[in-house]
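Every number in this text was worked out from the coordinates using simple rules, so none of it is lab data. Not measured: the values here are computed from a predicted model. So basically every Cβ, Gly included, is an ideal-geometry build from the backbone, and we count neighbours across all protein chains shown.
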Amino acid sequence: MTVIEPGALPQPVAPDPSAATPPPPKKRAAPRLYALDGLRLVAALMVAAYHYGGRDGEVSHAWGTSARVQFPSLHNWFAYGCLGVQIFFVISGFVICMSGWGRPLRSFFASRASRLLPSYWVAIVLVTAVFALPMVVYKAVSPSDALVNLTMLQQPLGADRVLGVCWTLWAELRFYALFALCVVLPGATRHRVVLFCAVWTLAAAFAQAADEPLLTLVLMPEYAPFFIGGIGLYLVHRDRRDMTAWGIVAVGWLIGQHYAVDRLWHPPNPEFFSNRSAPGIIAVVTLGFAVVTVIALGWTSWANWRWLSVAGALTYPFYLVHEHLGWVVIEALHRHAGVPSWATFLATIGAMLTLAWLLNRYVEEWATPLLRRVLNRRPGQAPSGAPAPSAAPQRTP
């Protein structure tokens, strides 16, 4: 104990180097865009409507007849639901640019992998198991192909797909890789993001003109405009006066609607299931861009209901399971139980949303943060909450 004499000034005490430095204050998180969560679920429901009533194929077996017979007035409208995928890609461009800004590559990779993989793995196992049941008439993939599906690389490897919708995940993975290498790895800045959008747009056009399979595979001319348009909308979200960002959005929309019409429109033909009109396709693509624009400008900040975040959380697992397992539910309810078409449609949507909630509640809520921590851990780093290993005692000679 140090005694200080009366009238003497206390001597300054040197800081203890062993004392823990207080952690820096955390950055304030940006307000959550609840409306974007709601739009994601709307896009997923559009795709579900297409799979249940807007096309022929396996779903016709589930209904017992063509979906055109089941929904004589609505099947043409349901056929536009496939454009929900393009809306997803616009949202993905926005969200990936937002989540990758200021984040190191390891953290970006951990965030994406932990978000995608847990529900995906469970969905692969669940659909494979259900399709292998004796009472289910749909053919399961081979055990080898089912295992390959766990990598998300089944499409480039030529394996049969367990989930019909996983082709969109292959497009998402290529986008993540391009964005990670060109933006996240060197560090996201406005200049670098603008350059990325400009170079990708021009390179995708070259790939389309050259008709070179490898360039087409990497640069995805058909889908690039939607991802790029979403990135531009995130730049607008950061600064609505950024005219370059508005130009990126405009070019993405112009090229995107071209590819949508080129791939999805055909002349009227009674032999086809449905006829999507070119103006109708343009209108849906435009509406998708417009809604994301409204959200980016902050005009939906009043829509801050918590249930929208729940809707966003259900979107991905719902998207994974709705198609193939939906066939099973439709067949059970409509063909075997005699439930009317409209009630079967709504009940199947409800059943798949319930399954999505279960996946979110009992898989994603614990597996996603666990996988993120594991992937963020550096080699030799102690697990969170565990003491770091002490250095081995030195031996005396």
Pairing the Cα long axis of helix 243-264 with the longest principal axis of the chain, what angle in degrees results, from 0 to 90 and rounded to the nearest 10?
30
HN-Hα J couplings of the range 338-351 from phi, Karplus 6.51/-1.76/1.60, θ = phi - 60°, integer Hz, Gly and Pro as x?
x, 6, x, 4, 5, 5, 4, 4, 5, 5, 5, 4, x, 5
If 328, 162 are placed from fewest to most neighbouring beta carbons inside 10 Å, the sequence is 328, 162
If exposed means trypsin sites (Lys or Arg not before Pro) lying in a DSSP loop and surrounded by at most 14 other beta carbons within 10 Å, then the longest stretch of the chain lacking such sites spans residues 242-376
Using Cα atoms only, what is the angle between the long axis of helix 105-131 and the major principal axis of the chain, expressed in degrees (0 to 90) to the nearest 10?
40
Computed over the chain: longest principal axis from alpha-carbon atoms vs helix 278-296 long axis, angle to nearest 10 degrees, is 20
Which one, 187, 163, 46, projects farthest toward the positive side of the charge dipole computed for the range 34-376 from Cβ point charges (K/R +1, D/E -1)?
187
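Taking the Cβ of residue 38 as the centre, find all other residues whose Cβ is under 13 Å away and add up their charges (Lys, Arg: +1; Asp, Glu: -1).
+2
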Over the chain, calculate the relative contact order: mean separation of alpha carbon pairs under 8 Å at least 6 apart, over the residue count, as a percent.
25
Apply the Karplus curve 6.51 cos²θ - 1.76 cosθ + 1.60, θ = phi - 60°, to the phi angles in the range 35-47 and return the couplings in whole Hz, x for Gly and Pro.
5, 5, 4, x, 5, 4, 5, 4, 4, 5, 5, 4, 5
All other residues with a Cβ under 11 Å from the Cβ of residue 314 taken together, and with Lys, Arg as +1 and Asp, Glu as -1, what is their net charge?
0
If you find the alpha carbon centre of the range 25-102 and of the range 341-383, how far apart are they in angstrom?
18
Quick shape check on the range 260-352: root eigenvalues a ≥ b ≥ c of the Cα gyration tensor, a/c under 1.5 is rounded, otherwise prolate if a/b tops b/c, else oblate, and it reads oblate
Using a 10 Å cut-off around each Cβ, can you sort 97, 182 from fewest to most neighbouring Cβ atoms?
182, 97
Select from the range 200-289 those chymotrypsin sites (Phe, Trp or Tyr not before Pro) which occupy a DSSP coil region and have at most 13 other Cβ atoms within 10 Å, ordered by residue number.
272
Most exposed first, judged by fewest Cβ atoms within 10 angstrom, 334, 322 run 334, 322
